[in-house]
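Q: Below you'll find the structure I mean.
Coordinate-derived values only; no laboratory data. Source: prediction; values computed, not measured. Heads up, the Cβs are rebuilt from the backbone with ideal geometry, glycines too, and the neighbour counts pull from every protein chain shown.
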Amino acid sequence: MDAPIYTIRKTAGGWLHSFSSESFWVKAGQLTIGCFRPESTSHRPTTQCRLLYDDERLYGSFVVEDRYVRCLNTDNQSPVYEDSCVELFLQPLPDRGYFNFEFNCGGAILSSYITDPAKKDGKVISAAPLTENEISEIEIQSSLPGITNPEISGKITWMLSFSVPFRLLEQYIGKLEKEKRKEWKGNLYKCGNKTSHPHWASWAPLRDRNFHAPWDFGILRFR
């Protein structure tokens, strides 16, 4: 199966600190995180994402039409994938590792630079968690509060937007000159491991229920 391709367009405007600012996102194409693993329950949330970039940062905005929404993890680098969660994995250079940016619906983040995705005891073998200072450089805004408990079983649409500075990535993989910013690999995910209706969905299809699968990444083209 051919890898899916998404074009990340350049924006001239600065970050508007608002997931609802259509004037900022108007240039961005929309992708759907709709490849559900068969291990999922019957819950199939509709999850869409838009990406943009400028000279300094990568911007993203998720919109999720969801149910069975929960959020208990409030600390950064906690297991946010247990909650209602959206994720972006990025591999800027083919000969280097990749980054995971995992956000629960309350805005907490789990993020590392991973150089060996093989797993031992359920964890990747080689991962360097981002420091709190590095995480502070990532801007995150969510439409939901930090805690959602009890779970919201009814229909709800929630949004999360973020921006990541390229300089943060460069601390791990070296300088990203413009010629290196033409085509990356990556994948986007939606999950909720400990909600009442667990589910695992991706943008690029997965051969196994494993989000740490750079061999299944799609193509992200900068234009």
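Q: Using Cα pairs closer than 8 Å and at least 6 residues apart in sequence, work out the relative contact order for the chain, in percent. Let's see the in-between values first.
A: Working: 537 pairs, mean separation 63.8, N = 223.
Relative contact order comes out at 29 percent.
Q: May I pose another question? So, with +1 on the Cβ of K and R and -1 on the Cβ of D and E, and no other charges, what is the size of the charge dipole of region 124-205 about its Cα centre, to the nearest 20 debye? Don't skip to the end; give the middle numbers.
A: Working: 10 positive and 9 negative charges, 68 e Å.
Magnitude of the dipole: close to 320 debye.
Q: Using the structure shown, list the pairs from Lys27/Lys190; Lys155/Lys175; Lys27/Lys119 with a Cα-Cα distance above 32 Å, or answer none. Provide the component values of the computation, followed by the final result.
A: On the way: Lys27/Lys190 23 Å; Lys155/Lys175 44 Å; Lys27/Lys119 38 Å.
The pairs that break the limit, which is 32 Å between Cα atoms, are Lys155/Lys175; Lys27/Lys119.
Q: Sorted from fewest to most neighbouring beta carbons within 10 Å, what does the list Lys185, Lys175, Lys190, Lys27 look like? Could you put the intermediate results ahead of the total?
A: Details: Lys185 20, Lys175 8, Lys190 26, Lys27 13.
Listed from fewest to most nearby Cβ atoms, that is Lys175, Lys27, Lys185, Lys190.
Q: Just going by the charge dipole of region 101-223, with Lys and Arg at +1 and Asp and Glu at -1 on Cβ, which of Leu206, Pro129, Ala118 is farthest out on the positive end?
A: Leu206
Q: A further question on this structure: Semi-axes, largest first, in whole Å: what does sqrt of 5 times each Cα gyration tensor eigenvalue give for the chain? Don't skip to the answer; put the middle values down first.
A: Values: eigenvalues 120, 83, 61 Å².
Over the Cα atoms of the chain, the semi-axes work out to 24, 20, 18 Å.
Q: Still on this structure: Mind sorting Phe62, Phe103 by how few other Cβ atoms lie within 10 Å of their own Cβ, fewest first? Show your work: numbers first, answer last.
A: Numbers: Phe62 23, Phe103 26.
Least crowded to most crowded, the residues run Phe62, Phe103.
Q: Taking the beta-carbon count within 10 Å as an exposure proxy, list Ser153, Ser143, Ser202 from fewest neighbours to most.
A: Numbers: Ser153 13, Ser143 16, Ser202 26.
Result, fewest neighbours first: Ser153, Ser143, Ser202.
Q: Tally Lys and Arg at +1 and Asp and Glu at -1 over the other residues with C-beta under 15 Å from the C-beta of Asp75: what net charge comes out?
A: Working: positive: none; negative: Glu82, Asp83, Glu102, Glu132.
It works out to a net charge of -4.
Q: In debye, nearest 20: dipole of region 1-133 around its Cα centre with unit charges on the Cβ of K, R (+) and D, E (-)? The partial results should precede the final answer.
A: Working: 13 positive and 17 negative charges, 55 e Å.
Approximately 260 debye in magnitude.
Q: When a/c is below 1.5 the answer is rounded, else prolate if a/b is larger than b/c, else oblate, so apply that to region 87-173 with a ≥ b ≥ c taken from the square roots of the Cα gyration tensor eigenvalues. Spell out each step's value before the answer.
A: On the way: a/c = 2.41, a/b = 1.61, b/c = 1.49.
In terms of gyration-tensor shape, prolate.
Q: Continuing with the same structure: Checking a compactness column here: for region 151-209, what do you get for Rg(Cα) / (2.2 N^0.38 Å), N being the number of residues?
A: Working: Rg = 16.8 Å, N = 59, 2.2 N^0.38 = 10.4 Å.
Taking N as the residue count of region 151-209, the ratio is 1.62.
Q: A further question on this structure: Under a straight-distance cross-link criterion of Cα-Cα below 17 Å, which aspartates and glutamates are reachable from Lys182, leaving out those fewer than 8 residues away in the same chain?
A: Within the straight-line limit of under 17 Å, Lys182 reaches these aspartates and glutamates: Asp54, Asp55, Glu56, Asp95, Glu170.
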